[in-house]
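A short write-up of the structure that comes next.
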There are 2 protein chains.
Amino acid sequence: MNTQTRPDAMERIVNLAKRRGLVVPSAEIYDSPGAIYDFGPPGVLLKNNIKAAWWRRFVQGREDVVPIESAVITRREVLAASGHEASFTDPLVECRICHQRFRADEEIPPADHAHDLTEPKSFNLMFKTALGATEEGAALAYLRPETAQGMFTNFRTILDTARMKVPFGMAQIGKSFRNEITTGKWLFRLREFEIAEIEYFVRPGEDEAWFERWVGEWETFFTDLGLAPARLRRFEHPPETLAHYSKRTVDLQYEFPYGWSELAGIANRTDYDLRRHQEFSARDLTYFDEGENRKYHPYVIEPTMGIERAMLAFLVDAYREYPGGRTQRSETRESEAVLHLHPRLAPITAAVLPLVRRERLPEIARQITGELRAVWFVEYDEAGSIGRRYRRHDEIGTPWCITVDSQTQQDGTVTVRDRDSMAQDRVPRQDLREYIGQKLEAGSPTRTDAPAR
Amino acid sequence: MNTQTRPDAMERIVNLAKRRGLVVPSAEIYDSPGAIYDFGPPGVLLKNNIKAAWWRRFVQGREDVVPIESAVITRREVLAASGHEASFTDPLVECRICHQRFRADEEIPPADHAHDLTEPKSFNLMFKTALGATEEGAALAYLRPETAQGMFTNFRTILDTARMKVPFGMAQIGKSFRNEITTGKWLFRLREFEIAEIEYFVRPGEDEAWFERWVGEWETFFTDLGLAPARLRRFEHPPETLAHYSKRTVDLQYEFPYGWSELAGIANRTDYDLRRHQEFSARDLTYFDEGENRKYHPYVIEPTMGIERAMLAFLVDAYREYPGGRTQRSETRESEAVLHLHPRLAPITAAVLPLVRRERLPEIARQITGELRAVWFVEYDEAGSIGRRYRRHDEIGTPWCITVDSQTQQDGTVTVRDRDSMAQDRVPRQDLREYIGQKLEAGSPTRTDAPAR
């Protein structure tokens, strides 16, 4: 088992991501803007799998939650009403000597910059743009800093068209944008990122109980997908760090290699947003409760998570390095890296490997690849020794390697090697779909070691 | 069968979309910006199903195509190299009297605006924004007008990490943004929209053959999902309308209610983009072809489609109105609308309806809903007469209505009503998953009428 220090773990994962094309700085061939990333094939697939698991659980799986998709470009009226135009700011200070800028509310600037700083001024984090065909006639608009407002502005539409009754939720996954002053920590704080969030509308007075339930739902999402419970904790925001709309906020914190930090959050937004939009738009955004025979503005519980931040947590949680290799037989005795991702999150569900490049084995392996690709993302791989191919797929988290050998030609069976236990099953080729399907449904990954890193 | 005129059909679909919350103007409670829309539950689900069908066919289903996700915010260097900063423009004219603006290359301005127009000037369609923490230190950036450039700038990364050999493709679905001068026609031309596109890299000299193949692939995508082949045709761009990078472009046109218009396109971008990015970034973007033992810039065939425009075509193609109802027994003899969408595209795969709200039927129906929701988007519906519920689901395109009646309690069977034929099957409850699964796999919808509208 490995003994590396945790900051070192972070660096190794960043290197792995770069080497395998999981995540790369955006438009890297030019001077990449900070905190904006592109995702190569395994990165896209991992992100998609996280989003699909979330969607299946909280949208498709729940009758009380409906999906919505609202626009990124948002007219300023919306974000004036929501309070973002006035309050979505960070305090910015600038070093008078080097002109670097820092957030005054963070531990930085580091000691070597603490010589001559300007007074803090409010810096609004929203990206601006302009809608319309000429400079003078253009209307100021923002790139949304969260997906929530599109759910509040559509509250009436959903009531009228989807016939929902309180308590119910609206759910959205989509891009959001924040012009962060200080970035770094890789995927942790991005200028362009995806949010998965729910606005859950409840009766006033039932908000505190629903808040607790959603904190629990959020925790279970992560632990059911294999995140170590020991690295997850709740952080209760003190009154002075609450957002302008929040009555209570609990962060789920994860123990990242650089320390405990926010992974996801649950906020009690009260009826603040609906009231503000009613005031600014002069539309009726009340709800008529048939049971109570009265109108009110529902309270809103908002569980939210950043997809890239979740991706970062799943990656660091799943990453293990085995100095000297995992088996006595390891050919090179080199260090081996394994991503013990939950099988449903793994970018590639299975790899199909012909043992050798002769005897029609590649042809059979390609057939199997094609059959399984109807259901999952499956890769054909014939390059290098079988051990080398196992290690390549361990490193990117592929749960099952299917090897086609000479016995396959005789009896139609293949071997299926498990990424975590390295155990091999002999499986009839025509049963592969059911074999893998059952293992995916079963869910929890077969971790071979304690969550030490 | 209906006799309505086709422009009328468009208006009816817009009304249906609004009534059922498929598509609504973005942030409608304020003054909604033109050509930006939000999507309610059935709209999100329809979009997701189109994207999933595309992904399954062209990404998951093909070993020669890998997925990628690049950022929306793009530094100007990228779009200077691609030629968009100089050439992604439309000619804009303004009426000196009313100050309305028009595209000089379109049939508008209408007659009542043709009095006093300015000379055409070039208007760049890209939305601008600024990256960075102060006004003076900010870097100009654009919201990408297409997803393509993110694939070219990552060409080297994909070669190095995904070990692809020419011919191969990179695929991406993502938001793109264009500050259009003239909008209208609902979902046809949007300022914010999603593109699904592939950049397919081939040997120079093999580009023309690959171009033809991709035109065929693109057509088959639409017709396999039920679009009437008689409403689809190819349009060959004459040299004067080719984009600055294109050697040849073919549009797939669809006969929309307002006439034939672009649905999707295939362009031969040659080696223009890779050469330009190599020149501007000073990075080597050549490909070493082992078979030919030489380096070159691959040619690029780009099949592309807008998701909302595809959605519009699928909607208008699937929409039928039946004056007086579809059956002799129709209770009200009112006109009935049906969306004959391909079952895999339908927002709601099945509705589960208790015949009456007693005898534990609602409870059983909810159980079935929950079971099926593990796999598909399924809705429970108990509101109104059974005929009314059938019509509500016909209108939104739900292929199967599952009715739970008193016989269900006796023998465990339910009825499954087909949206198109209105035929009813009696199916054991525990076979529902297989029954629906097989029909979805079988694919082609059971249209009951000719593609007349």
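The values are calculated or read from the model by the stated rules, or taken from the named source; none is laboratory data. What you see is a predicted model, and the numbers here were worked out from it, not measured in a lab. Reconstructed Cβ throughout: ideal geometry from the backbone, glycine too, with neighbour counts over all protein chains shown. Note: accessible area is taken over every heavy atom of the protein model, side chains too, but ligands, DNA and RNA are not part of it. Shrake-Rupley method; radii C 1.70, N 1.55, O 1.52, S 1.80 Å.
Observations on the model:
- Taking 18 Å as the straight-line reach from the Cα of A:Lys165, the lysines in range (excluding those fewer than 8 positions away in the same chain) are A:Lys295.
- Of the residues A:Trp260, B:Trp376, the one with the largest accessible area comes first in the ranking A:Trp260, B:Trp376, computed with a 1.4 Å probe on protein heavy atoms.
- Mean accessible surface per residue for the protein assembly as shown, computed with a 1.4 Å probe while every protein chain stays in place, in Å²: 39 Å²
- One quarter of the convex hull surface built on the alpha carbon atoms of the protein assembly as shown amounts to 41.1 nm², the projected area averaged over directions.
- Summary for A:Glu217: label point 7 Å along Cα→Cβ; distances to the equivalent points in the other copies, ascending, 4.0 nm.
- Around the amide H of B:Ser26, modelled in the peptide plane, lie the amide H atoms of B:Ile36, B:Tyr37, B:Asp38, all under 5 Å away and 5 or more residues distant in sequence or on another chain.
- Cross-linked pairs A:Lys47/B:Lys51; A:Lys47/A:Lys185; A:Lys185/B:Lys128; A:Lys18/A:Lys47: Cα-Cα separations exceed 23 Å for A:Lys185/B:Lys128.
- Innermost chain A residue relative to the axis carrying A onto B, by Cβ distance in angstrom: A:Thr129, 2
- Percent of Cα-Cα distances greater than 20 Å, calculated over the range A:1-72: 55 percent
- Helix B:307-318 vs. chain B, principal-axis angle (Cα, 0 to 90°, nearest 10): 40 degrees
- Across the accessible surface of the protein assembly as shown, with the other protein chains kept in place and a 1.4 Å probe, carbon and sulfur atoms take up 48 percent.
- With its label point put 7 Å out from Cα toward Cβ, A:Ala230 sits 6.9 nm from the same residue's point in the other copies, in order from shortest.
- Area accessible to solvent at A:Met422, 1.4 Å probe radius, in Å²: 60 Å²
- Cα coordinate range in the range A:326-442, projected on the principal axes (Å, largest first): 35, 33, 20
- Peptide B:42-55 - average C-beta neighbours from other chains (10 Å radius): 2
- The tail of the calculated P(r) for the range B:108-246 beyond 21 Å holds 65 percent of all Cα-Cα pairs.
- As a rough guide to protection, the peptides A:292-300, B:398-406 ranked by mean Cβ packing within 10 Å, highest first, stand as B:398-406, A:292-300.
- Heavy-atom accessible area, probed at 1.4 angstrom with all protein chains present, ranks A:Phe235, A:Phe188 as A:Phe235, A:Phe188, highest first.
- Relative contact order of the range A:214-337, defined on C-alpha pairs under 8 angstrom at six or more residues apart (%): 20 percent
- Residues in the range B:356-367 carry Karplus couplings, in order, of 9, 8, 8, 6, 6, 5, x, 5, 5, 4, 5, 4 Hz; the curve used is 6.51 cos²θ - 1.76 cosθ + 1.60 with θ = phi - 60°, and Gly or Pro positions show x.
- Amide H contacts of A:Arg248: A:Asn268, each under 5 Å away and 5 or more positions distant or on a separate chain (H built 1.01 Å from N in the peptide plane; Pro and chain starts excluded).
- Counting only alpha carbon atoms, the long axis of helix B:432-442 and the longest principal axis of chain B meet at about 40°.
- Alpha carbon convex hull of chain B, projected area averaged over orientations, nm²: 27.0 nm²
- Solvent-accessible area buried by pairing B with A, both sides, nearest 100 square angstrom, 1.4 angstrom probe: 7000 Å²
- From phi via Karplus (6.51, -1.76, 1.60), per-residue ³J(HN,Hα) for the range B:88-94 in Hz, x at Gly/Pro: 8, 10, 10, x, 10, 10, 10
- The per residue volume of the convex hull around the alpha-carbon atoms of the range A:315-395 is 87 Å³.
- With Cα atoms, 0 to 90° folded angle of helix A:207-224 axis to chain A main axis: 20 degrees
- Under the Karplus curve 6.51 cos²θ - 1.76 cosθ + 1.60, θ = phi - 60°, whole-Hz ³J(HN,Hα) for the range B:56-70, x wherever Gly or Pro sits: 4, 7, 9, 10, 4, x, 10, 6, 8, 10, 10, x, 8, 9, 10
- Residues with amide H under 5 Å from that of B:Val66, placed H, sequence gap 5 or more: B:Gly169, B:Met170, B:Ala171
- Chain A, relative contact order [Cα under 8 Å, separation at least 6], %: 14 percent
- Taking every alpha-carbon pair under 8 Å whose residues sit at least 6 apart, the range B:326-442 reaches a relative contact order of 27 percent.
- Around A:Ala267: net Lys/Arg minus Asp/Glu count, Cβ-Cβ under 9 Å: +2
- Inter-copy spacing of A:Pro91 label points, which lie 7 Å from Cα along Cα→Cβ, given in nm from shortest upward: 5.7
- The largest accessible area among B:Asp64, A:Asp251 belongs to the first residue in B:Asp64, A:Asp251, and the rest follow in falling order (1.4 Å probe, all chains).
- Shielding by other protein chains, A:123-133, mean Cβ within 10 Å: 5
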